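Peer 1: For reference, the structure I am asking about is given below.
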Amino acid sequence: MMAKTPPPQTYRVKSFGCQMNVYDGERMAELLDATGLSPAAEGAEPDLVVLNTCHIREKAVEKVYSDIGRLKREDGTSPLIAVAGCVAQAEGEEIMTRAPAVRMVVGPQAYHRLPDMITRAGMGERVTDTDMPAQTKFDALPARRKVGPTAFLTVQEGCDKFCTYCVVPYTRGAEISRPFHDLVAEAERLVGAGACEITLLGQNVNAWTGEDDKGRTVGLDGLIRALARLPDLARIRYTTSHPNDMSDGLIAAHGEVEKLMPFLHLPVQSGSDRVLRAMNRSHTIESYLKLLEKVRGVRHDIALSGDFIVGFPGETEAEFAETLALIDAVGYAQAFSFKYSARPGTPAADLASQIMPAVMDDRLQRLQAHVNHGQLAFNRQSVGRTCQVLIERRGKLPGQWLGKSPWLQSVHIIGEAAIGDLIEVELVEAFANSLAGRLVCAEPLPRRLSQAIGTRK
Ligand code: 5AD
Ligand code: SF4
């Protein structure tokens, strides 16, 4: 038992990693607000710190320990510290042993029980909860509070794919879809709170399935079509998808649902069939390219995005060159690329043929040069298009605003606007990571009118 501490009044949640972690971090903050705590003021030390951790790539664990160390005060005491997220799930016991300052370890499926854990930690207990009953978490969380113009909505969690490099199936558990009705209700609340764009999240979001309001079993496209009926919701996005779960219905939705934005993040990881087999990806380059062709068949302007891993154990220079060739052939609008990181407990970590770090560095740089080239080309071919931009925040210059095009490009404009406006913009100049836009009409269109005008070109 540790010393008793007065109940915390203020908190800070620090989230690392993917968008699902950001979503979880927001939900934890809402839960703490509902429990009577308030966010600590900027620069002030909070009574409670939640480190919402990520385990997907290297050094994540070391980062957690150094963060914990940094929270120590001069007199050797610390605020109440909770370690949440995937590192908590994977290494909970070890954290408790190695970091005595940590009072709570809470896994991604258990954070709805934080208030009770905080009470127990205040009594001097050290509490670990890494149970995985995914369904109850969402039921137990408070309603969504005020949100910005774009919001995340987790619709699916977990993964059954077991790619040989990946910890997600172990830290997030099996694939689980949240019920249709709960999601429509949460989306309605988000829209009511000010969101006009919702990004549906899931580790394998396109594996989502549920029963719609008529009792029919539907896939993600069914959910998207239902959400598209919310009058004040202007844009729908989803991420991250697996090629094997890209159903014909979902592809068709890209051609039919105006509010579904022309953007698809579809990780492929490697351009070599041998590497894909070793990764247990269960798709080939041919099947992946066929899929992209189908999607482009219904939505020719779709922006494609992907994830790539360089230096998977045994990856030869020739196999790496196949990945570069794939990137050039597809013409991605953007992509994320990572050096392979051996994750303890995953099958690939035990392969003998691990690649030297210097080789990985070199391959990552070369790959990113191809991605940047493709991205600039994609941005350049957007110049001259007129589209809607959803304004998300102010820019650095006076009168400047930043927003997103339908293709998820960052667009900056100068003129009259406000956060949450959907405005008609002509894209006039392309850069590596953004575009400059020019307002087409001075007055922002009322949202519904601007939706009716559409964005296709
Ligand atoms: N090493 C490097 N990258 C990884 N990813 C997942 N696991 C690893 C790993 N062990 C990448 C994949 C995945 C993205 C979310 O993170 O590209 O799509
Ligand atoms: Fe990890 Fe593969 Fe599942 Fe994606 S599909 S979360 S990379 S195991």
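The values are calculated or read from the model by the stated rules, or taken from the named source; none is laboratory data. Computed from a predicted structure; not experimentally measured. A quick note on method: Cβ atoms are made from the backbone with ideal geometry, for glycine too, and the neighbour counts reach across all protein chains shown. The accessibility values were calculated without ligands, DNA or RNA, using every heavy atom of the protein model including side chains. Shrake-Rupley method; radii C 1.70, N 1.55, O 1.52, S 1.80 Å.
Peer 1: Hey, what D do you get for the stretch 10-129 in µm²/s if you plug the Kirkwood alpha-carbon radius into Stokes-Einstein at 20 °C and 1.002 mPa s?
Peer 2: On the way: Rh = 14.1 Å.
Here the translational diffusion coefficient equals 152 µm²/s.
Peer 1: What's the extension gain from Glu317 to Glu125 if we count 0.36 nm per residue and subtract their Cα-Cα distance?
Peer 2: 63.8 nm
Peer 1: Also, quick follow-up: Note down, for the stretch 311-416, the three equivalent ellipsoid semi-axes (square root of 5 times each alpha carbon gyration tensor eigenvalue), biggest first, whole angstrom.
Peer 2: Values for the stretch 311-416, descending: 38, 17, 11 Å.
Peer 1: Run the numbers for Gln19 and Asp160: contour at 0.36 nm per residue of separation, minus the present Cα-Cα distance, in nm.
Peer 2: 48.8 nm
Peer 1: Just the accessible area per residue of the chain, please: how many Å² with a 1.4 Å probe?
Peer 2: Counting only protein heavy atoms, the per-residue value for the chain is 43 Å².
Peer 1: Using a basic spin-label model with each label point 7 Å from the Cα along Cα→Cβ, how many nm lie between Glu211 and Arg366?
Peer 2: The answer from the label model is 5.4 nm.
Peer 1: Between their Cα atoms, which of Lys214/Lys294; Lys161/Lys290; Lys339/Lys404; Lys137/Lys339; Lys63/Lys396 are more than 26 Å away from each other?
Peer 2: Over 26 Å apart, Cα to Cα: Lys214/Lys294; Lys339/Lys404; Lys137/Lys339; Lys63/Lys396.
Peer 1: Once neighbouring chains are kept in place and the probe is 1.4 Å, which whole percent of the accessible area of the chain is contributed by carbon and sulfur?
Peer 2: It is 54 percent, rounded to a whole number.
Peer 1: Might you report the magnitude of the Cβ-based charge dipole of the chain about its Cα centre, with Lys and Arg at +1 and Asp and Glu at -1, to the nearest 20 debye?
Peer 2: For the chain, the charge dipole is close to 560 debye.
Peer 1: Over the chain, what is the mean sequence separation of C-alpha contacts under 8 Å (at least six apart), divided by residue count, expressed as relative contact order in percent?
Peer 2: Reported as a whole number, the value is 10 percent.
Peer 1: Ok, one more. Each label point is 7 Å from the Cα along the Cα-to-Cβ direction; what then is the distance between the points at Arg393 and Glu42, in nm?
Peer 2: Distance between label points: 1.1 nm.
Peer 1: Report the FRET efficiency, 1/(1 + (r/R0)^6), for Glu258 and Phe431, where r is their Cβ-Cβ distance and R0 is 25 Å, rounded to 0.05.
Peer 2: That gives a FRET efficiency of 0.35.
Peer 1: Let me ask another. Given a 1.4 Å probe and the protein chains all in place, what does the accessible area of Met356 round to, in Å² to the nearest 10?
Peer 2: 130 Å²
Peer 1: I want the local charge near Leu48. Using Cβ-Cβ distances under 11 Å, sum +1 for each Lys or Arg and -1 for each Asp or Glu among the other residues.
Peer 2: That works out to 0.
Peer 1: I need the per residue convex hull volume for the chain, using only the alpha carbons, in cubic angstrom as a whole number.
Peer 2: 152 Å³
Peer 1: If you don't mind, another one. Suppose accessible area is computed on protein heavy atoms with a 1.4 Å probe; arrange Ile251, Ile419 from highest to lowest.
Peer 2: Of Ile251, Ile419, the descending order of accessible area is Ile419, Ile251.
Peer 1: Can you work out the Karplus-derived ³J(HN,Hα) for every residue in the stretch 157-173? Use 6.51 cos²θ - 1.76 cosθ + 1.60 with θ = phi - 60°, whole Hz, and x for glycine or proline.
Peer 2: Karplus-based 3J(HN,Hα) across the stretch 157-173 equals 9, x, 8, 9, 7, 6, 4, 6, 9, 10, 8, 3, x, 8, 8, 9, x Hz.
Peer 1: Using +1 at the C-beta of Lys and Arg and -1 at the C-beta of Asp and Glu, which of Gly311, Leu422, Gly219 has the Cα lying farthest in the positive direction of the dipole of the chain?
Peer 2: Of Gly311, Leu422, Gly219, it is Leu422.
Peer 1: In addition: Before rounding to the nearest 500, sum -39500 (n - 2.57) across all DSSP H runs of length at least 4 in the chain and divide by the residue total; then give [θ] at 222 nm in deg cm²/dmol.
Peer 2: The helix-only estimate for the chain comes to -10500 deg cm²/dmol at 222 nm.
Peer 1: Which order do you get for Cys166, Cys196 if you rank them by accessible area with a 1.4 Å probe, largest at the top?
Peer 2: The ordering from most to least exposed comes out as Cys166, Cys196.
Peer 1: Determine Rg/Rh for the stretch 355-441; Rg is computed over alpha-carbon atoms and Rh is the Kirkwood hydrodynamic estimate from the same atoms.
Peer 2: Values: Rg = 16.0 Å, Rh = 14.0 Å.
Across the stretch 355-441, the Cα-based Rg/Rh ratio is 1.14.
Peer 1: In the neighborhood of Leu71, defined by Cβ-to-Cβ distances under 14 Å, what is the net charge if each Lys or Arg adds +1 and each Asp or Glu adds -1?
Peer 2: The answer is +2.
Peer 1: To continue, here is another question. Considering the dipole of the chain built from charges on the beta carbon (Lys and Arg +1, Asp and Glu -1) around the Cα centre, which of Thr239, Ile413, Pro149 is farthest to its positive end?
Peer 2: Selected residue: Ile413.
Peer 1: Residues with amide H under 5 Å of Asp47's amide H, sequence separation 5 or more or different chain, H placed in the peptide plane at 1.01 Å from N; which?
Peer 2: Gln9, Thr10, Tyr11
Peer 1: Right, next: Given the convex hull over the Cα atoms of the stretch 161-233, what projected area results after averaging over all orientations, in nm²?
Peer 2: With the hull built on Cα positions only, its mean projection is 5.6 nm².
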